[in-house]
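Everything below concerns the one structure shown next.
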Amino acid sequence: THFGFETVSEEEKGGKVYQVFESVAKKYDVMNDMMSLGIHRVWKDLLLWRMHPFPGTQLLDVAGGTGDIAFRFLNYIQAQHRRKQKRQLRTQQNLSWEEIAQKYQNEEDSLNGSHVVVCDINKEMLKIGRKKACAQGYKTGLAWVLGDAEELPFDDDKFDVYTIAFGIRNVTHIDRALQEAHRVLKPGGRFLCLEFSQVTNPLVSRLYDLYSFQVIPVMGEVIAKDWKSYQYLVESIRQFPAQEEFKEMIEDAGFQKVTYESLTSGIVAIHSGFKL
Ligand code: SAM
């Protein structure tokens, strides 16, 4: 299989990917902002808008790393709840202000039973995620689990939504990860993947290549003292299947109604499918 442009055995790839994320974990968030000029935040927000979770949603975020998708999910549910609260304030005249405030004071209440599990193979990435959760005051509705996307430590038919953001290209056997996603989703559950994809505009493609190959490894060296890891990240992006091919792989895993949306001229794409 591939590891960037290096050909390695399948057994070797997992270990090398582990080393990359172990090495970048501490600088992962700051590097993400710098390399994408902050745009990764918009792509991740968009993933949440596409998901549009309902109260009570059980989400599994695989390759969840430092928790970006999980925190967005919790914020989304809480914001949804606050909007509902305001509507109720207007309509439920029979409740006093104190009663309404009391009812929604409890954070657990405000998540309406929604829950997210962040699953990642790398304990260093999870460690950073946990620290962020503590620092930002997330106490409930969130769990961190060490696990492999290819062999998820969860029962069948457990989650409403499965997300994987910028994770699946790092997995050695993408087909196995997709089958696992299908297994752990409830019937009717949704698979959502945010990943780098194929740039469609030739001009954007040339600029993007220049930026990726000339600038990103240099930034990696200057900021994180780690040229090789960032070169791997760039090269792994180029190796990942284009939109249509990946759509077919998702269908092969048993998902239905598979669609995709290219963002920023195809630099990334969101693929969606349902277990029906
Ligand atoms: N989803 C996060 C985000 O969007 O910021 C993190 C993405 S980071 C580029 C890729 C993550 O995939 C790393 O945290 C890495 O440890 C994880 N990963 C790689 N191979 C994995 C596997 N087989 N199973 C689970 N996680 C894996």
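Kindly state, to the nearest 0.05, the FRET efficiency for Gln19 paired with Arg87, given R0 = 51 Å and r defined as their beta-carbon distance.
Efficiency for this residue pair is about 0.50.
How big is the dipole moment of the chain about its Cα centre under a simple scheme where the beta carbon of each Lys and Arg is +1, that of each Asp and Glu is -1, and everything else is neutral? Debye, nearest 20, please.
With only Lys, Arg, Asp and Glu charged at Cβ, the dipole is about 1260 debye.
Once the dipole of the chain is set up with Lys and Arg at +1 and Asp and Glu at -1 on Cβ about the Cα centre, which of Ile270, Pro217, Ala79 lies farthest towards its positive end?
So the residue we want is Ala79.
Using the basic label-point model (7 angstrom from Cα toward the beta carbon), what is the Asp157 to Trp49 distance in nanometres?
Here the answer is 3.5 nm between the modelled labels.
Helices from the chain with mean Kyte-Doolittle at least -0.5 and a Cα length along the axis of 15 Å or more, per DSSP H: which?
Values: long enough: 10-24 (22 Å, -0.85); 39-51 (18 Å, 0.05); 68-91 (35 Å, -1.28); 123-135 (18 Å, -0.59); 174-184 (16 Å, -0.60); 227-239 (18 Å, -0.88).
Span-like helices, by this rule, are 39-51.
Taking trypsin sites (Lys or Arg not before Pro) as candidate sites, keep only those in a DSSP loop with at most 15 other Cβ atoms within 10 Å, then name the longest stretch of the chain containing none of them.
Excluding the exposed sites themselves, the longest stretch runs over 1-138.
Of all the C-alpha pairs in the chain, what % are more than 22 Å from each other?
Of all Cα-Cα distances in the chain, 59 percent exceed 22 Å.
If a paramagnetic tag sat 7 Å from the Cα of Lys127 along the Cα-Cβ line, which residues of segment 213-229 would have the backbone N under 20 Å from that point?
It comes to 224-226, 229, nothing else.
Please compute the length gained on full extension between Leu207 and Thr7, using 0.36 nm multiplied by the number of residues separating them and subtracting their Cα-Cα distance.
69.3 nm
Work out the length of the dipole vector of segment 104-243 about its Cα centre, built from +1 on the beta-carbon of each Lys and Arg and -1 on the beta-carbon of each Asp and Glu, and round it to the nearest 20 debye.
420 debye
So in the chain, what percent of DSSP beta bridges are antiparallel if you round to the nearest 5? Let's see the in-between values first.
Working: 16 of 36 bridges.
Within the chain, antiparallel bridges account for around 45 percent of the total.
Roughly what would the spin-label model give for Arg238 and Val30, points 7 Å off Cα along C-beta, in nm?
So the label points at Arg238 and Val30 sit 2.8 nm apart.
Stretched out fully, how many nm does the piece from Gln214 to Thr200 gain, at 0.36 nm a residue minus the Cα gap?
Answer, rounded to one decimal: 3.0 nm.
Once you keep just the Cα pairs under 8 angstrom separated by 6 or more residues, what percentage relative contact order results for segment 2-274? Walk me through the intermediate numbers first.
Values: 429 pairs, mean separation 59.1, N = 273.
Relative CO of segment 2-274 lands at 22 percent.
Where a number appears in this text, it was derived from the coordinates with a stated rule and is not lab data. None of these values were measured; they are calculated from a predicted model. So basically every Cβ, Gly included, is an ideal-geometry build from the backbone, and we count neighbours across all protein chains shown.
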